[in-house]
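> Take this structure, written in structure tokens, and hold onto it; I'll ask about it next.
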Amino acid sequence: MAGDVKEVNLGRTFTAGIWDQNPVFRLLLGMCPTLAVTAAVKPALTMGLCVTFVLLCSNIVVSLMRNLLKPHLRILMFTLTIATFVTIADMFVRAYAPDMSKALGPYVPLIIVNCIIIGRAEACASKNNLFVSIMDGLGMSVGFTFALCILASVRELLGAGTVFEYPVLMAAGEGGWFVPWAAMSMPAGAFITLGLLLGLINVITKRKK
Amino acid sequence: MRSLKHFVEQSWLLITAAFCCGLLLALTNAALKPRIQRNEIGELYDKMKTLMPQAKQFKVVIPQAEIAANKTDVYEATDDKQQAVGFAFVGTGSGFADKIKLVIAVDKDCGKLLGFEVLFSNETPGFGSRITEDWFRGQFVGAPAGKLELAKGGDAEKIDEQIVALTGATVSSEAVVRIFNSHIGELKKQLQEKGLIK
């Protein structure tokens, strides 16, 4: 594994994860949780926080042992590290937020196979020093959480008329005009919303150029 | 012994890391397990209490009873005068997308149902997920603890063995009725064997 890269701008490393290399909108990684847990903002935020914890810890550990890694054993080491932190995150969610644990179902344990985390371990943490890896982990997780929350706000608003369980649109039965759009809470709604958001982000990126 | 040296050189990091990770997991598990178990039992108790509001105490009368090929504890609920209120257990069956787990309560003679609460389900949002709605669950409260039938229409307010299905969620409605039909008979038999009911 190569030594430290000479000059890396920490600020830019952080912001790259949020916009230029946003894992969901630009790299299209971690699509499984993106589609599966964004029917409401609360579970999406919980998922974002779990990924933040795992990504940060795995980047730290991988970065610290980057000079000891044997090339043919590195994926094994990454997986071991990630799986440990995911299991810890899963136990914490089950202990302190049992409702969220139920809402997320198997998707917390499935963070183990989330490409963002192993991708960052391979692409950044195993080649860079601790500070760069921490900034990269933070940027990527903030970008991921932010993308999940945007997607979830749209879907929750149209699917249930609420945002963060706070009623925004009054349902037709309670004197309002809004008819909950059940499809938005289902996988179809996830694909449609993600597609439209990706299109929107592409338009914005093109304009900026 | 070049091979042993080679082996150690290649794998010492992995072995050490595996040991550390295992230790970390064991410690976390030891710290959080009581809380996780309390959450699970707390939820079951909350649901049993909703089904039998007058119940003050729950006691396991048949531990790990095998009902319809599922293992569940059967609880007896008693009120503040130690009078039996009813029995409750967890019934499991296949739904549309995943397993459905219900907390089911019957009265003290196992003659009438006291209703159910959904402990776990992964049914389609907006359709199958409506098995948690009050009007649907209300049909079971007071219904005879015998064979239930699913009807495609009819009066949901009339309490009898006919259960009106949810529109657009026949499979989920059937699943709930099937869980009742497969569990109640066996529960009755086991309660009789233990002499808990006549």
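The values are calculated or read from the model by the stated rules, or taken from the named source; none is laboratory data. Please read all numbers here as calculations on a predicted model, not as lab measurements. Positions of Cβ are backbone-derived with ideal geometry, glycine not excepted, and every protein chain shown enters the neighbour counts. Just the protein is used for accessible areas: all its heavy atoms, side chains included, with ligands, DNA and RNA removed. Shrake-Rupley method; radii C 1.70, N 1.55, O 1.52, S 1.80 Å.
> If you average over every viewing direction, what projected area does the convex hull of the Cα atoms of segment B:93-167 give, in nm²? Can you show the working numbers first?
Details: hull surface 19.3 nm².
Quarter of the Cα hull surface area: 4.8 nm².
> So which of B:Lys101/B:Lys158; B:Lys47/B:Lys152; B:Lys56/B:Lys158; B:Lys56/B:Lys112 end up more than 23 Å apart, counting from Cα to Cα? Don't skip to the answer; put the middle values down first.
Working: B:Lys101/B:Lys158 25 Å; B:Lys47/B:Lys152 28 Å; B:Lys56/B:Lys158 30 Å; B:Lys56/B:Lys112 20 Å.
Where the Cα-Cα span goes over 23 Å, the pairs concerned are B:Lys101/B:Lys158; B:Lys47/B:Lys152; B:Lys56/B:Lys158.
> Let me ask something else about it. Other chains near B:81-92: what is the mean number of their Cβ atoms within 10 Å of each residue's Cβ?
On the way: counts 0, 0, 0, 0, 0, 0, 0, 0, 0, 0, 0, 0.
Rounded to a whole number, the mean comes out at 0.
> How many nm is it between the label spots at A:Cys115 and B:Glu186, if each spot is 7 Å from the Cα in line with the beta carbon?
4.4 nm
> Right, next: Segment A:105-196: percent of C-alpha pairs farther apart than 17 Å? Provide the component values of the computation, followed by the final result.
Values: 2658 of 4186 pairs.
Distances greater than 17 Å cover 63 percent of the Cα pairs.
> Which residues, if any, in segment B:9-27 have at least 30 Å² less accessible area in the whole protein complex than in the isolated chain, probe 1.4 Å?
When all protein chains are present, B:Gln10, B:Trp12, B:Leu13, B:Leu14, B:Cys21, B:Leu24, B:Leu25 each give up 30 Å² or more of accessible surface.
> Starting from the Cα of A:Lys127, draw a straight line to each of the lysines and keep only those under 27 Å, dropping any in the same chain fewer than 8 residues away.
A:Lys6, A:Lys70
> Also, I was wondering about something else. For B:Lys49 paired with A:Leu35, estimate the spin-label separation in nm (one decimal), with each label point 7 Å from Cα along the Cα-to-Cβ line.
Distance between label points: 4.1 nm.
> Tell me which residues come under 5 Å, amide H to amide H, from B:Lys112 once H is placed; ignore anything under 5 positions away on its chain.
B:Asp107, B:Ala145
> Also: Given the -39500 (n - 2.57) contribution per DSSP H run of 4+ residues, what per-residue ellipticity at 222 nm results for chain B, rounded to the nearest 500 deg cm²/dmol? Intermediate results must be reported in sequence, preceding the final value.
Values: 3 runs with 79 residues, N = 198.
Rounded to the nearest 500, it is -14000 deg cm²/dmol.
> Hey, another quick one. Given Cβ point charges of +1 (Lys, Arg) and -1 (Asp, Glu) and nothing else, what value in debye, to the nearest 20, does the dipole of segment B:59-129 about its Cα centre take? Intermediate results must be reported in sequence, preceding the final value.
Details: 7 positive and 10 negative charges, 16 e Å.
Charge dipole of segment B:59-129: 80 debye, to the nearest 20.
> Rank B:Leu113, A:Ile134, A:Ala172 by how far each Cα sits towards the positive end of the charge dipole of the protein assembly as shown (+1 on Lys, Arg Cβ; -1 on Asp, Glu Cβ) and give me just the farthest.
A:Ile134
> Calculate, axis by axis, the spread of Cα positions in segment A:3-69 along the three principal axes, and write the results as whole Å, longest axis first.
Projected onto its principal axes, the Cα set of segment A:3-69 covers 43, 25, 17 Å.
> Against the longest alpha carbon principal axis of chain B, how many degrees, from 0 to 90 and to the nearest 10, is the axis of helix B:2-51 turned?
With both axes taken from Cα atoms, the answer is about 20 degrees.
> Between the DSSP loop rule and a limit of at most 11 other Cβ atoms within 10 Å, which GluC sites (Glu not before Pro) in segment B:116-198 are left?
Details: sites: B:Glu117, B:Glu123, B:Glu133, B:Glu149, B:Glu157, B:Glu161, B:Glu174, B:Glu186, B:Glu193; in loops: B:Glu123, B:Glu133, B:Glu157, B:Glu161.
Passing both the DSSP loop test and the Cβ count: B:Glu133, B:Glu157.
> Then there's this: At a probe of 1.4 Å, how much accessible area disappears from chains B and A on forming the pair, both sides counted, to the nearest 100 Å²? All intermediate terms of the calculation are to be shown ahead of the outcome.
On the way: alone 11930 and 11100 Å², together 21000 Å².
Using a 1.4 Å probe on protein heavy atoms, the buried area is about 2000 Å².
> In chain A, which longest range has no GluC sites (Glu not before Pro) that are both DSSP loop (not H, G, I, E or B) and surrounded by at most 11 other Cβ atoms within 10 Å? The partial results should precede the final answer.
On the way: sites that count: A:Glu7, A:Glu165.
No qualifying site falls inside A:8-164, the longest such stretch.
> Now for a different question. I'd like the orientation of helix A:187-208 relative to chain A: the angle between its Cα long axis and the longest Cα principal axis, in ° from 0 to 90, rounded to 10.
It works out to around 70 degrees.
> Considering the alpha-carbon set of the protein assembly as shown alone, what are its Rg and its Dmax in angstrom?
Cα radius of gyration and Dmax of the protein assembly as shown are 26.2, 83 Å respectively.
> Let me ask something else. Over segment B:21-106, what is the relative contact order in whole percent, taking alpha-carbon pairs under 8 Å and six or more residues apart? Show your work: numbers first, answer last.
On the way: 111 pairs, mean separation 17.1, N = 86.
Dividing the mean separation by the residue count of segment B:21-106 yields 20 percent.
> Counting only heavy atoms of protein chains, what accessible area per residue, in Å², does segment A:1-83 have with a probe of 1.4 Å?
Working: 3860 Å² over 83 residues.
Per-residue accessible area for segment A:1-83 comes out at 47 Å².
> Run the paramagnetic zone check for A:Lys70: 7 angstrom along Cα to Cβ, then residues of segment B:9-34 with backbone nitrogen under 17 Å.
Taking a point 7 Å out along Cα→Cβ of A:Lys70, the residues of segment B:9-34 whose backbone N falls under 17 Å are B:9-19.
> Please get the size of the charge dipole for segment B:89-198, origin at its Cα centre, with Cβ charges of +1 on Lys and Arg and -1 on Asp and Glu, quoted in debye to the nearest 20.
Numbers: 14 positive and 15 negative charges, 73 e Å.
Rounded to the nearest 20 debye, it is 360 debye.
> Additional query: For peptide A:89-98, compute the average count of partner chain beta-carbon atoms within 10 Å of each residue's beta-carbon.
On the way: counts 1, 2, 8, 5, 1, 7, 10, 4, 1, 7.
So the per-residue partner count for this stretch is 5.
> A further question follows. Counting only heavy atoms of the protein chains, get the accessible area per residue of segment B:91-187 (1.4 Å probe) and round it to a whole Å² value. List each step's numbers first, then the result.
On the way: 4270 Å² over 97 residues.
Spelled out: the 1.4 Å probe surface of segment B:91-187, per residue, equals 44 Å².
> May I pose another question? So what's the convex hull volume per residue for the Cα atoms of segment A:1-116, in Å³? Walk me through the intermediate numbers first.
Values: hull volume 13.6 nm³, N = 116.
That works out to 118 Å³ per residue.
> Let me ask something else. Rounded to the nearest 10 degrees, what's the angle between the helix A:41-64 long axis and the longest principal axis of chain A, both from Cα atoms, 0 to 90?
Approximately 0 degrees, to the nearest 10.
> Across every pair of different alpha-carbon atoms, what Kirkwood hydrodynamic radius in Å does chain B reach? Can you show the working numbers first?
Numbers: mean 1/r = 0.0523 Å⁻¹.
Over chain B, the inverse of the mean reciprocal pair distance is 19.1 Å.
> Below 8 Å, C-alpha to C-alpha, sequence gap of six or more: please give me the relative contact order for chain B in percent.
Working: 320 pairs, mean separation 27.2, N = 198.
Once divided by the residue count of chain B, the mean separation gives 14 percent.
> Let me ask you something else. Non-local amide H neighbours of B:Val164 (under 5 Å, H modeled in plane, Pro and chain starts lacking H): which ones?
Amide H to amide H, under 5 Å and 5 or more residues apart or across chains, B:Val164 pairs with B:Ala151.
> Continuing with this model, one more query. With no solvent and one point on each alpha carbon, what is the Debye value of log10 I(q)/I(0) for chain A at q = 0.16 Å⁻¹?
Results for chain A at q = 0.16 Å⁻¹ read -1.04.
> Is it possible to state the helix-based mean residue ellipticity at 222 nm for chain A, with each DSSP H run of 4+ residues giving -39500 (n - 2.57), the sum divided by total residues, to the nearest 500 deg cm²/dmol? What is it? It would help to have the intermediate numbers written out before the result.
Values: 8 runs with 128 residues, N = 209.
Helix-only estimate at 222 nm: -20500 deg cm²/dmol.
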